[in-house]
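The values are calculated or read from the model by the stated rules, or taken from the named source; none is laboratory data. Everything numeric in this text was worked out from a predicted model, so none of it was measured. When we count neighbours, we look across all protein chains shown, and the Cβ atoms used for this are built from the backbone with ideal geometry, even at glycine. Accessible surface areas use protein heavy atoms only, side chains included; no ligands, DNA or RNA. Shrake-Rupley method; radii C 1.70, N 1.55, O 1.52, S 1.80 Å.
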Amino acid sequence: MLVKFGTAALLASTVFTQNFSWGDFQTFVKDATFPAYTTEQKVFVADQVNKLMSVYVNRDSKIENYSLDSNPLFQGIRDRAANMTDAELHSSLQKAFLSLRDFHTNYYTPAPYSCYRAVYPLTFELIHSDDPVKNPVAAVSAFSTFPEVVELGGAELKKVKLGHVLVSINGLSLTELYEKYKHLGGGANLFGGLKSVLSLFEYRNAIMFPLEIEAGETHVTYVLKERPDSTRTYSVTVPIAGRRNDDCLANAPKLKKKDEVPDFKEIERLFKKKQVDMSFPLYKEARDAFEAPMDIIYTPILADTLQWARYEFLGTKLGVLRIDGFVPPDGVDTDTTIGMIRSLLVNEFKDTDALVIDLRRNGGGSILMADAIPQLFLNGEYHPQGARALMAPINSGIADAYLAMGGDAFSVTYNQSSPANKYSDLFYFDTVAEVNKLGRVYLKPVAVLNDANCYSACDLLSASMQDSGAASIIFGHDGKTGAGGANVVEHKDFFSKILPSEFQTLPHGQDIRLGWRQLVRNGKNEGKIIEDVGIDADRILRPTVRELTAENDRSAVFDTIAHELRAIGEKDGSILTYCKKKFLLFIHNSYFPKKKVNAEPQVSGNAEIGASTKFDCTSAYITKLELVLDGKVLDTKTFRKKRFNSVSVLNGKAATAPGTDKYTIVGYVDDKEVLRTYRYIRYTPAKSSYLNLNAGETTQWDFSTDKYALVYNSLTESSNGWNLNNGKFVIGNGAGYADGVNSAVSFFVNVNAPGLSVKLDALVNSEKDYDFFSLTLKQEGKDDVVYFSKSGLALTINESFPLETTGPVELVLSFKADGAVTEAGGIVVNSLSLEVAPCGASDSVGERSLIELNSDLEVAVSKGADVSIYYSENAAGPFKSKVASETFNKIGDYTIATKLGKYVRAIGLKNSRLPEISTFNS
C-alpha cells in the first residue's frame with residue numbers, strides 16, 4: 001500500500017483550523033440535542049421544504065429508480081409537523097432527504113445536534129472478486145488518522161491488519177448491510193449506495209446523517225479473515241468514538257428576523273456564481289478521517305485539485321493525471337488550473353504512450369472547470385452538456401428575477417419554453433467558445449479511471465469524456481459513478497435571496513440544499529440523464545489485497561490500463577506532431593516510440609512587430625498541416641505518409657501593429673482531420689525600439705501619445721479593455737467594467753542601469769476577491785514578478801515600487817475580472833512614471849562601500865539574502881548588471897573575477913534587510 005504523495009504542493013489551499021473534542025459516544029449522543037422550535041417554526045420549516053420540492057428536478061428519477069415520490073413524502077411530514085417534537089421533526093426530515101439518495105439534496109440539522117460526529121477506526125476498499133455486482137468483497141484499506149480513535153480500539157484493534165477481508169459488520173454481510181441501510185446512506189444506485197452505506201460505519205457527520213443509527217449503540221463488531229480464500233475468521237469489537245466540533249457549538253446561530261432585507265449586490269453575486277456549483281457536501285471532512293491508499297506515488301501541484309505521476313509497464317509509459325476535485329484553492333481560477341493541466345501534458349507527459357485521468361474519490365465542484373478539460377483530448381470542438389429545470393411557478397419567479405438582473409442563458413431559455421412541458425428546453429452553463437480556448441493538446445489514447453465516489457462535476461467530466469469520444473475507454477473501480485446529475489443551490493444563499501416572497505430565513509441558522517437543474521447528456525448518450533444512473537464503466541478494475549498491503553511500485557489496476565491503452569494506440573495508428581513558435585516551443589503529443597522533445601508550457605508566444613510570424617513544425621504520420629487565421633488558410637505543408645519526422649515551417653503574417661491573433665493549426669492524415677489546436681500570438685515591439693532609460697533618468701508616461709505603451713486585450717473586446725479617457729488609462733469607460741475582462745497595458749523599457757523604480761497613482765473599484773488589478777514585471781528568461789494584485793472598493797495606490805533588474809523589461813498593468821458581478825468605477829490609472837537612480841545614489845536598503853578590485857575578491861554572504869553585485873571599469877560608473885553581475889541568494893562564500901570590472905558595488909533588495917556582506921577580502 002502506498003500512501004505517499006510525493007513533493008509538497010506548489011499552490012496550497014486556504015486552511016481553516018477548527019477545534020474538536022473527543023468523548024464517550026453515548027455521552028455525546030445525549031448532549032446532541034435540538035434547539036426548541038415553536039409550533040409556527042416547525043410548520044414554517046416543513047412548508048419551506050415543500051416549496052423547494054416543487055422545483056426538485058430529480059423527482060421523476062427517484063420514482064423510476066426507487067419507487068419513491070418526494071411530494072407525498074414531504075407533504076406527510078408537513079401535515080404532522082405541528083404535533084411533532086423537535087427531535088421527531090428534524091429526524092423525519094433528515095431521513096426523508098437521505099432516502100432520496102441524492103447528495104445534492106440535503107437537510108442540514110441545526111446546532112447543537114449538527115456539531116457531533118460518530119467516528120470508527122477502520123475504512124474499507126472494495127477489492128477484486130469474481131462478481132463485483134452480486135458478490136462484492138471489501139478489505140481493510142486504512143486506519144483512522146486520529147490517534148484518539150486508534151488508541152480507543154486498544155488491543156482488539158491491533159489484531160487487524162491492512163488487507164484483511166471484511167466478512168460482516170454487526171453481524172451483517174456487505175449485501176445485507178446495503179439492504180438494511182441504503183435508505184440512510186444517501187448514495188445513488190447499487191455502487192454509490194454500497195459505498196455510502198460503508199461510510200456510515202467510518203465517519204458520520206450529524207449535520208446530514210443520524211448521529212446514532214441504532215438506539216444505544218456504543219461499539220462496532222467486525223468479523224474479518226486474513227485472505228479472501230480463507231475459511232477462518234476472527235471477531236473484533238471496538239468502541240465508537242464521539243467527536244464534537246467546539247467552534248460549531250460556540251457559534252450556533254440564533255434566529256434571524258424574517259423581515260431582514262438581503263443586499264442586492266450579494267443576491268447578484270450568488271445568483272451568478274453559485275449556480276455553477278456541483279459539489280458533494282461535507283466530503284472533505286470525512287475523507288480526511290482516513291489516509292486513502294494510493295496505488296502509485298503522486299506529485300501534487302495544486303492542493304486538493306491536481307497531482308500527477310508516470311507509470312511504466314512492460315515498456316509502456318503511462319501518464320497519470322489525478323484530479324482530486326474541481327474546486328481550486330483561493331486565488332486560482334479555472335483558466336490557470338486548465339493551463340497547469342496543459343503544462344503537464346506538454347512537459348511531464350510529452351513522451352508518454354498513453355494517459356489516464358484518475359478521478360477516484362473526486363467529490364465534484366465547478367462545472368466550468370469540468371467542461372474545460374475535454375477540449376485538450378478532443379479533435380474538433382467540445383460541446384457542453386445541457387441542463388433543464390422543471391416548469392413550475394417558483395421557477396418562473398426565479399427566471400423573472402434573473403431577467404431583472406440582466407438575464408442569463410437559463411432565464412432566457414426558460415421563458416421561451418412551453419409551459420405545457422414538464423421540463424424547460426435545454427440551456428448551457430458554458431458556451432462552446434468558453435470551453436474551447438486551447439484546443440487539442442494530447443493525441444495519444446486517453447482513459448478515465450473513476451469510482452462510485454466520483455460525484456457531481458466528476459460525473460459530468462466522466463460523461464463528457466465518454467460521450468464526446470475524448471476518452472477511448474472508461475475504467476471504474478465500480479460499475480457506475482456516484483450519479484449526481486444536477487447543479488445545486490442553497491435555501492439560505494440562493495432561494496431566500498432571489499425569491500424572498502416565497503422563501504424566508506430558516507430558524508437557528510439552518511440550511512437546505514437542492515438539486516435544482518438537471519444535466520442531460522449529448523453525443524453517444526444523447527438524451528440520457530446522469531442522476532441515479534451514473535456513467536457506466538466499460539470495464540471494472542478493482543485492486544487486489546496485495547495492492548492494499550504491499551510496499552511496492554506495482555499496481556494491477558495501472559498495469560491493465562497501460563496494457564489496454566497501448567493496444568488501442570497501436571491499433572488506431574497514433575500520431576505525433578508538435579509546433580514551435582519562433583520563441584516558444586509547443587508540443588502536441590501522440591504515440592511515437594522513443595521520441596523525446598522538450599517544451600515550454602506557455603500557450604501564447606510573442607512575435608516582433610514587422611517580423612514574419614513563423615511556426616517551426618515537426619510531425620509524424622501527418623500528411624498535411626494548415627495554418628489558419630481569421631478563417632483564411634495562410635500556409636499549407638504536405639508530406640508523404642511515413643513513420644519518421646517531417647520538418648517544416650508554417651508562415652503566418654507580419655504584423656504592422658500591436659495586438660493578439662488566434663492562429664489555428666490543423667493536421668490531416670490523408671483527408672481526415674486529426675488535429676485542431678490554437679496558438680495565441682502577441683505582437684510586441686523589437687527590443688531595439690524599447691524606451692531607453694539610463695542612470696538618473698525619469699520618464700512620465702504620456703498615455704495619449706507614448707509609443708512604448710501598448711494594450712493587449714486577448715479575448716476581450718477593445719472597448720471593454722484599457723482605454724484612454726481624459727488623459728488617464730481606464731478599464732472600459734471609467735464608469736464601470738464588463739464581465740470577464742482580461743486586458744493588459746504593457747510598457748517596454750531598456751533599463752541600462754540599476755536602481756529602477758516605478759511610481760503609480762491609481763484608484764481601484766472592483767469586486768473584492770474576484771476582479772484583480774495587478775502590476776507585473778516580465779523579463780525574458782526569468783520568472784514573472786508580481787508586485788501587487790488588488791481587488792476591492794475605493795482602494796488608492798500611490799507609491800513607488802523598486803524593480804531590482806536591468807536590461808529589456810516589460811512592465812504590465814493588467815486587469816482580470818471573472819464572468820459575473822462588476823462594480824462601478826473600475827480601474828483608473830492617473831499617472832505612471834519610471835525612474836532610474838543616479839549612479840552612486842543609495843537605494844532603499846543601502847549600498848555597500850564602493851570597492852576597487854586589485855585581484856579576485858572573495859565575498860562572504862552571511863544571511864542568505866538576495867544581493868546583487870555590479871561592476872564598472874570606472875569608479876563613477878556606469879555599473880553594469882546584465883552580463884557582468886552575479887546574484888548571491890544563498891549563504892556562502894563567492895569569488896568575483898577581476899576581469900569583469902575594476903570596481904564593485906553591492907545592493908540588497910528592498911525590505912530584505914539581509915544584504916550583509918561581511919567581508920571583502922582581496
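Table for the structure above
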| read-out | value |
| --- | --- |
| Extreme residue, nearest to Val49 (Cα to Cα), among residues of the stretch 76-86 that are open to solvent by 50 Å² or more (accessible area, probe 1.4 Å) and part of a helix (DSSP H, G or I) | Arg78 |
| Single condition Leu321 does not satisfy, out of (1) modelled with pLDDT of 85 or more; (2) surrounded by fewer than 23 Cβ atoms within 10 Å (Cβ to Cβ); (3) not polar (S, T, N, Q) | (2) |
| The stretch 113-143, subset hydroxyl-bearing (Ser, Thr, Tyr), out of contact with any Ser or Thr (no Cβ under 8 Å at 6 or more places or on another chain) and outside any loop (DSSP other than H, G, I, E, B), residue surrounded by the fewest Cβ atoms within 10 Å (Cβ to Cβ) | Ser114 |
| Number of the condition not met by Gln466 [criteria: (1) within 20 Å of the chain's Cα centre (by Cα); (2) assigned to a helix (DSSP H, G or I)] | (1) |
| Within the stretch 278-303, tally of residues that are assigned to a strand (DSSP E or B) and at pLDDT 70 or above | 6 |
| Glu381 at pLDDT below 95 and within 23 Å of Gly523 (Cα to Cα) | yes |
| Long-range neighbours under 8 Å by Cβ, at least six apart or interchain, first residue small (Gly, Ala, Ser) within the stretch 543-572, second at pLDDT below 80 | Ala550/Met1; Ser555/Asp295; Gly569/Tyr591 |
| Inter-residue pairs, beta-carbon under 6 Å, first within 19 Å of Ser472 (Cα to Cα) and in the stretch 371-390, second of a type in the set (Asp, Glu) and surrounded by fewer than 23 Cβ atoms within 10 Å (Cβ to Cβ), 6+ apart | Asp371/Asp430; Pro384/Asp430 |
| Unique match (being assigned to a strand (DSSP E or B), among the polar types (S, T, N, Q) and open to solvent by 70 Å² or more (accessible area, probe 1.4 Å)) among Thr796, Thr699 | Thr796 |
| From Glu767, Glu780, residue being farther than 23 Å from Ser833 by Cβ and surrounded by fewer than 17 Cβ atoms within 10 Å (Cβ to Cβ) | Glu780 |
| Every residue from the stretch 470-508 that is at positive phi and at pLDDT below 95 | His508 |
| Residues within the stretch 613-646 that are crowded, with 16+ Cβ neighbours inside 10 Å and modelled with pLDDT under 85, tallied | 11 |
| Options Asn65, Asn71: the member that is under 33 Å from the mean Cα position of the chain (by Cα) and assigned to a helix (DSSP H, G or I) | Asn65 |
| Residue match in the stretch 468-477 (condition: within 24 Å of Ala567 (Cβ to Cβ), touching a residue at least 24 places away in the same chain (Cβ under 8 Å), surrounded by fewer than 23 Cβ atoms within 10 Å (Cβ to Cβ) and in contact with an Asp or Glu (Cβ under 7 Å, 6 or more places away or on another chain)) | yes |
| Residue ranges of helices (runs of 4 or more DSSP H) in the stretch 333-450 with at least 3 members aliphatic (A, V, I, L, M) and over 29 Å from Val57 (Cβ atoms) | 334-346 |
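Rundown of residues vs (1) surrounded by 14 or more Cβ atoms within 10 Å (Cβ to Cβ); (2) touching a residue at least 40 places away in the same chain (Cβ under 8 Å); (3) in a strand (DSSP E or B); (4) of a type in the set (Gly, Ala, Ser), yes/no style:
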residue	(1), (2), (3), (4)
Thr656	no, yes, no, no
Ile665	yes, yes, yes, no
Tyr668	yes, yes, yes, no
Val674	yes, yes, yes, no
Thr677	yes, yes, yes, no
Tyr683	yes, yes, yes, no
Leu710	yes, yes, yes, no
Ser719	no, no, no, yes
